[in-house]
Structures are given as C-alpha cells and as structure tokens.
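The values are calculated or read from the model by the stated rules, or taken from the named source; none is laboratory data. Source: prediction; values computed, not measured. Cβ: placed from backbone, ideal geometry, glycine included. Neighbour counts: every protein chain shown. With ligands, DNA and RNA removed, areas are computed over all heavy atoms of the protein, side chains included. Shrake-Rupley method; radii C 1.70, N 1.55, O 1.52, S 1.80 Å.
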Amino acid sequence: MSIADFMAQLHPIHGDVKLLKGDAELHLGNKYYFLNAADAKRVIVEAWGNPPSGHDDVLGMVVAEGHNPVDDWGAIVTYEETFYVSDKDADKTDYDKMLRQIHDGEAEANAERKKQGYGTMHLVGWAQPPTYDKASHTLIWAQDLNLSTSETDTLNYDVRLLGRRGVLSLNMVDFMPNLPTVREQAKELALAGGFAPGSRYEDYAAGDKKAAYGVAGLVAAGLGLAAAKKFGLLAVLLLVAKKGWVLLIAMAASVKAWWGKLFGKKPKSLPAASEPAAEDTSVGADSVPTVEEGSPRKLDLD
C-alpha cells in the first residue's frame, strides 16, 4: 500500500473540533486538519509501527495541512482529568535534575527491556527544556530519544494546555532533524487548542478539586520519572516514538519500574489497515469524534 492510498482511507476534518473529553476544543482554521480517534490509531499502529494496544485514551491527531503524518509530524491528542493543576511551582523546578534521575535509572530499565527481547532507549536530553507561559497556561517541553533500533533519534514535542479540571495534551512525534520546523509549528499549535467557557483555567472557583501535584509533576510524569510516584499520578501516559516504539507508564503509588513496559519494534513493512471506518461527518463544533476498533492485518507499503 502506498502512502497516498493509506491517506485516502482516512477522513480529515477541518475547522473547529469539539473533543470527546474535558470540554476541550481545537480551532484548526486552514493550517491543520484533524483525524478522529479511529484514524489516529491507524496512523500510530499501521504507519508508525506501534502495537495496537495502549491507545484507548487517544482522542485524535492533528496534522499540518498539505502534509501527512507518515512523512511529517503528527500531534497525538489526549486529555487527562487531573483536576486543577497549580502552576505555582513552574519557575521553581530543577528540570535538569529530572534528567539526571532518568539517566540514573536507564541501565536498570534497559536491562529489563533486553530480557523481554526489546531494544534499548536513551533519553539524550532536552530538545526543548520545559517552559511555562502563565498568560496562556501552556506548558511545553521536548525530548531527544535515542533508540537502539533506529538510526535517527526520535523527537517527542509536548504541548500541554491546562484547564479547570484537567490537561489537554498535544504530543508532536517526529524525528530530531525536524526539530526547527516542529518547534515553530508547536508555537502555533498551542494557540489552536483550548477549553470552552466555564472549563478554562481562569474559571477555577473555590471548592474545585485540585491535583496533588503541580506543573513539575506533569513534566515528571511525561518523562516517566520514577519520582513521579510521589505525586500520586494514576493516569496511563503514552510516549510514542515514530516507527516502532510505545512506552506505557502506569503512574501510581504501587509502580516500581522506572519507565514501565516498552513494546514493539518497527516492522519491515507497514501493517495492513482494517477496513476503513465510515466517514464521521458529525464531528465538528457541536459533536465529537467516534472510536472504531479494528484488528490490523499486514500489508506491504510500496
């Protein structure tokens, strides 16, 4: 199957999109298009070579207009009901210390991966150190990931938008050489996401539930840091690498592993698609994407 044929089976949505969770919205204009949850999972599994499990929380994917997520970046859209996350610690955290803690645990984590028959992963460093904009309540950071099965480092560029009851995540996945382009796109993409009136960060009211952690906890969880256990994070977070890696991290008080389990290797050919989902014309400002499950078969990508 060619990339063109694969893309022809997807159902791009333009304009305003109301997401399934969090009273969150995307205002994409003519710069981006949206793939609903079913199509986004097809990209993650079939085009990027990740295993089919572990994507239940994916709400969709944003892609730059005129581009495709096979050759270029795709931003995985998720929402986590964390409750209200305080940003008071945003400027007080030693993020380089977080990296050192990650590096201290890599040998143990990679030894376990080897036992399970997988390659190793090394967090080279920040591709973009964490920065928080208090005016827009937007948190951005990016990771440079070196995978033993890939000749090119993977880039995970995270854009997190804080809301009254949770956090909207746009995780842009690409390769490190494309960092300059992705960095500029991330600035624009951050402006495309938001929350409906009443669910915005500034709509917080006395009595609202608060998260047990702040901005530092979001970054720690995004890195898969073992120290994030102390924040009591219960969410399952996704760290997706283009072309064949997925990291599942169950962050809870009982978690003992540094980074959880790592699954998947890049297949020699693009796994086949399930039958194309019927086009969901109801997705728009007043409706949400729907999820359709399928078991991919294998086919070759020309």
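Relative to the Cα centre, the charge distribution of segment 1-128, modelled as +1 at Lys and Arg Cβ and -1 at Asp and Glu Cβ, gives a dipole magnitude of about 280 debye. In this label model, TYR95 and LYS187 are separated by 1.6 nm, measuring between points 7 Å along each Cα→Cβ vector. Here the Karplus curve 6.51 cos²θ - 1.76 cosθ + 1.60, taken at θ = phi - 60°, turns the phi angles of segment 215-222 into couplings of 4, 4, x, 5, 5, 4, 5, x Hz, with x standing for Gly and Pro.
Separation of segment 1-43 and segment 143-179, taken as the distance between their Cα centroids, equals 18 angstrom.
Remark: for residue pairs LYS134/LYS209; LYS18/LYS97; LYS18/LYS88; LYS97/LYS134; LYS31/LYS97; LYS41/LYS115, the C-alpha separation exceeds 26 Å in LYS18/LYS97; LYS18/LYS88; LYS31/LYS97; LYS41/LYS115. Take the Cα of ASN30, step 7 Å toward its Cβ, do the same at HIS122, and the gap between the two points is 4.6 nm.
Per residue, the convex hull spanned by the Cα atoms of segment 104-220 measures out at 128 cubic angstrom.
Net charge around ARG100, counting only other residues with Cβ within less than 13 Å of its Cβ (Lys, Arg = +1; Asp, Glu = -1)?
Details: positive: LYS97; negative: ASP94, ASP96, ASP104, GLU106.
With Lys, Arg at +1 and Asp, Glu at -1, the net is -3.
Protection proxy ranking for 41-50, 68-77, 20-29, using the average of other Cβ atoms within 10 Å per residue and placing the highest first: 41-50, 68-77, 20-29. Taking all protein chains together and a 1.4 Å probe, the residues THR181, THR154 rank THR181, THR154 from largest to smallest accessible area.
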